[in-house]
1. Express in nm, to one decimal, how much length is gained between PHE51 and VAL102 on full extension, taking 0.36 nm for each residue of separation and deducting their alpha carbon distance.
2. What do you get for the angle between helix 38-48 and the principal long axis of the chain? Use alpha-carbon atoms, 0 to 90 degrees, nearest ten.
3. Please give the calculated 222 nm ellipticity per residue for the chain, where each DSSP H segment of at least 4 residues contributes -39500 (n - 2.57) and the sum is spread over every residue; nearest 500 deg cm²/dmol?
4. Tell me the angle of helix 73-86 to the major Cα principal axis of the chain, expressed in degrees between 0 and 90 and rounded to the nearest ten.
5. What percentage of the solvent-accessible surface of the chain, computed with a 1.4 Å probe over protein heavy atoms, is contributed by carbon and sulfur atoms?
6. What is the helix-to-structure angle for 53-70, meaning the angle in degrees between its Cα long axis and the longest Cα principal axis of the chain, kept from 0 to 90 and rounded to the nearest 10?
7. What pairs from LYS4/LYS113; LYS14/LYS95; LYS78/LYS113; LYS37/LYS113 go past 29 Å between their alpha carbons?
8. With +1 on each Lys and Arg Cβ and -1 on each Asp and Glu Cβ, and nothing else charged, work out how big the dipole of the chain is about its Cα centre, in Debye to the nearest 20.
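The values are calculated or read from the model by the stated rules, or taken from the named source; none is laboratory data. Note that this is a predicted model, so its numbers are computed, not measured. Every residue, glycine as well, gets a Cβ built from its backbone with ideal geometry; the counts of neighbours run over all protein chains shown. Side chains are part of the model used for accessible areas, which takes the heavy atoms of the whole protein and leaves out ligands, DNA and RNA. Shrake-Rupley method; radii C 1.70, N 1.55, O 1.52, S 1.80 Å.
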Amino acid sequence: GGFKEAEEVMYRIKDPSYKKEPSYNSWLARCLIMNEKPEDAWKIYLSTINFGKKVSSQVLQVIANDCFRLGYFLVAAKAFNALRVVDDDDEGALKGILGSCVGVFRRAVIASKELGKFSFSDYEDNLTEVID
């Protein structure tokens, strides 16, 4: 799709009231994820924390699900973990955390087979960040 162009258009919006809308932030996060910038999408969530639960929860849903679907498991795990807190221990979020952590571990195992070695310590900091 035209996510690159959509990202550019989203960044041209200057009206502060639009930038506090759940739909604006959700679509900007989606564009960033689709353009292979999941960490930038996470920064969008962090910038929405003070906009209220509705905004941050909607942005987290997009980040968690889109990142999981596209294989950005570490960011997905962080988003599902934040959703669990925001949405009062949502069981779906817990399943998302577990699935995302399995995805990170799976990637580590595949990488270790390609490199001929495995070191959990290479991934420990990332997973600890999610759990903390």
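1. 15.2 nm
2. Relative to the chain, helix 38-48 is tipped by roughly 50 degrees.
3. That comes out to -25000 deg cm²/dmol.
4. Helix 73-86 sits roughly 60 degrees off the main axis of the chain.
5. 55 percent
6. 40 degrees
7. Over 29 Å Cα-Cα: LYS4/LYS113; LYS14/LYS95.
8. 280 debye
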